[in-house]
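Only the coordinates and a few stated rules stand behind these numbers; no lab work does. These figures come from a predicted structure and were not determined experimentally. Note: ideal-geometry Cβ built from the backbone for every residue, glycine included; neighbour counts use all protein chains shown.
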Amino acid sequence: MNLFTSFWVLPILFILHDFEEMIIMPLWKEKHFDLLSHMHHPYFGSVTNGQAFSIGVLEELLILIAISIICGINNNHALYTSCLITFAIHFLKHFTMCISAKSYVPGIISSIMETPFVVWLIIHRLMLNQIPILNIFYNLIPVFIFMYINLKIMHKIMPKIQNRLLSYARP
């Protein structure tokens, strides 16, 4: 199995990208409190605790691992490539946040580094596996909607997780 046919590339890329977010996000939110306090929807949601954010990242990682397993078992290149495309689209959000904030935003460095590789990987997977564009389109819409809804739900749940973690830490 090579890089083009491996279904494990996406979870690995996700881990590398989200490590940057998990490490920097709490400090960045503290430093940019003034900017974020004036936003109706602050970047990375309202959670400020790195552990709570990491639980949200873990949930997304488990989804990507499940997708990788399902796609590997069923040899479903169209679904997997649609997930890669959704991941690449997610980088656009980091680019727009960075431009809007006029400064570094957690995740932008890994987005910049991974975007050329992910685009290259998508193109090569499409060509190698001869996936019809219509199949990608049919998979891309539900994948994108699922990931968007999941992210919205996690941004609502993570503050509750943060409160539970903080109350657990109190003597």
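For Leu61, Leu10, what ranking results if the residue with the fewest other Cβ atoms within 10 Å of its Cβ goes first? Could you put the intermediate results ahead of the total?
On the way: Leu61 15, Leu10 22.
With the sparsest Cβ surroundings first, the list reads Leu61, Leu10.
Can you divide the C-alpha Rg of the range 38-126 by 2.2 N^0.38 Å and report the result to two decimal places? Could you put the intermediate results ahead of the total?
Numbers: Rg = 15.2 Å, N = 89, 2.2 N^0.38 = 12.1 Å.
Taking N as the residue count of the range 38-126, the ratio is 1.26.
Give, rounded to the nearest 20 debye, the magnitude of the charge dipole that the chain has about its Cα centre when Lys and Arg contribute +1 at Cβ and Asp and Glu contribute -1 at Cβ.
Values: 10 positive and 8 negative charges, 74 e Å.
Using Cβ point charges on Lys, Arg, Asp and Glu, the chain gives about 360 debye.
When a footprinting reagent is the concern and you count Cβ atoms within 10 Å, what order do Ser100, Ser37 take, fewest first?
Sorted ascending by nearby Cβ count, the order is Ser37, Ser100.
Could you give the distance between the Cα centres of the range 1-79 and the range 90-124, to the whole Å?
Between the Cα centre of the range 1-79 and that of the range 90-124, the gap is 13 Å.
May I ask you to compute the full-extension gain from Ile149 to Glu60, defined as 0.36 nm times their residue separation minus their alpha-carbon distance, rounded to one decimal in nm? Present the calculation step by step, with values, prior to reporting the outcome.
Numbers: separation 89, 0.36 × 89 = 32.04 nm, distance 1.17 nm.
The span from Ile149 to Glu60 would gain 30.9 nm if fully extended.
Which of Met22, Met127, Met97 moves the most in a Gaussian network model of the chain with Cα springs under 10 Å?
Met127
Can you list the residues of the range 82-109 with backbone N under 20 Å from a point 7 Å past the Cα of Leu128, pointing along Cα to Cβ?
82-89
Are there trypsin sites (Lys or Arg not before Pro) in the range 62-171 that DSSP puts in a loop and that have at most 15 other Cβ atoms within 10 Å, and which ones?
Those that pass, being in a loop and sparsely packed, are Lys102.
Just how many pairs of Lys in the chain have C-alpha atoms closer than 23 Å, counting pairs that are eight or more places apart or on different chains?
Step by step, the pairs that qualify in the chain add up to 13.
Which of the chymotrypsin sites (Phe, Trp or Tyr not before Pro) found in the range 58-138 are loop residues per DSSP with 16 or fewer other Cβ atoms within 10 Å of their Cβ? Could you put the intermediate results ahead of the total?
Working: sites: Tyr80, Phe87, Phe91, Phe95, Tyr104, Phe117, Trp120, Phe137, Tyr138; in loops: Tyr104.
Loop-located and lightly packed - Tyr104.
Working from the alpha-carbon coordinates of the chain, get Rg over Rh, Rh being the Kirkwood radius.
We get a ratio of 1.00 for the chain.
Given R₀ = 25 Å, what would the calculated FRET efficiency be for Gln51 paired with Ile109, taking r from the Cβ atoms and rounding to 0.05?
That pair, Gln51 with Ile109, gives E of 0.65.
Please order His41, His124, His17 by the number of other Cβ within 10 Å, starting at the fewest.
His41, His124, His17
What does the extension gain come out to for Leu166 and Met39, with contour length at 0.36 nm per residue minus their alpha carbon separation? Working shown, then result.
Working: separation 127, 0.36 × 127 = 45.72 nm, distance 2.43 nm.
Extra length from Leu166 to Met39 when fully extended: 43.3 nm.
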